[in-house]
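What follows is a set of notes on a single structure, which appears directly below.
The values are calculated or read from the model by the stated rules, or taken from the named source; none is laboratory data. Since we're looking at a predicted model, the values are computed, not measured. FYI the Cβ positions are ideal-geometry reconstructions off the backbone, even for glycines, and counts take in every protein chain you see.
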C-alpha cells in the first residue's frame, strides 16, 4: 500500500521533473527537500500500519495531534521555555486522548495500542514535514512538492510492491493504483495548492474537516462504532490542536 501511495505520484511527476532538470533537487532547496522526503517515507509507512491496526475514527483523530507536535518542535527549535499556554495545550490534548478511551476502561487491545502509538509517531513526522514543505513552497511549485514528498519512499517501497504484484489480484492492483493517484497525486496537489496560498493557521483549520468525514466514513462504510466519550475526546483533541495552530500563528 505504501509503495502504491508513494510510487504512483512519483511516476506521474517524474517526466516533468526530468524535463525541468529538477529530479535530483532544486538549488537552495535540495538538502531540505530530500530530508523532508526521507522523513515522509518513514511517516507514510507508520501511517498505513496505524490504519491497519486501529479504527479509522481513532487514527484520524490522533493524526490531527500534529499541530501540538509542531508547537513543541517550534519551541525546541527556538530554544524557548515551554510556557503555560504550550503546557496547557499538550495536557488538554492528552486529556482528550484519555477521554476517547474511557469506554475501554483505559485498556487498549494490543492492536489498538500499537496502532495508536504508530499514528502518534506518524503525526509527529507529519508536523515536521508540514513545517518544511510550507517553507519550501515559497519558492517551489506544487508538482515539485508532490515529487519530493514521495521520492525517497518510492525508491524504498517500490521494490516491495513489484515483488508482491505477481501474487496480487487485478482488482487489488487497480485499487492500489487508484489510491496512489487519487490520494497521493490529486489529493496532495490540492493540499500543497492550499498550503502555498493560505496562512498555515487557515489551511490547518480547513483541514480539520478530515476528522468528521473520516469518522463518518468509518461508521457508515466499515461499521465502526463511535461512543459518546470518543466524540467528546475527539472534540477536545481537535480544539487543542486548533488552539495550538493559533498560538503558533501568534508566535510567528
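Here are the numbers for the structure shown:
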quantity: Residue in the stretch 126-146 that is over 21 Å from residue 39 (Cβ atoms) and surrounded by fewer than 21 Cβ atoms within 10 Å (Cβ to Cβ) present; calculated: no
quantity: Any hit, the stretch 28-36, residues being surrounded by 18 or more Cβ atoms within 10 Å (Cβ to Cβ) and over 24 Å from residue 210 (Cα atoms); calculated: yes
quantity: Answer from 95, 70, 84 - the residue that is under 28 Å from residue 225 (Cβ atoms) and modelled with pLDDT of 75 or more; calculated: 95
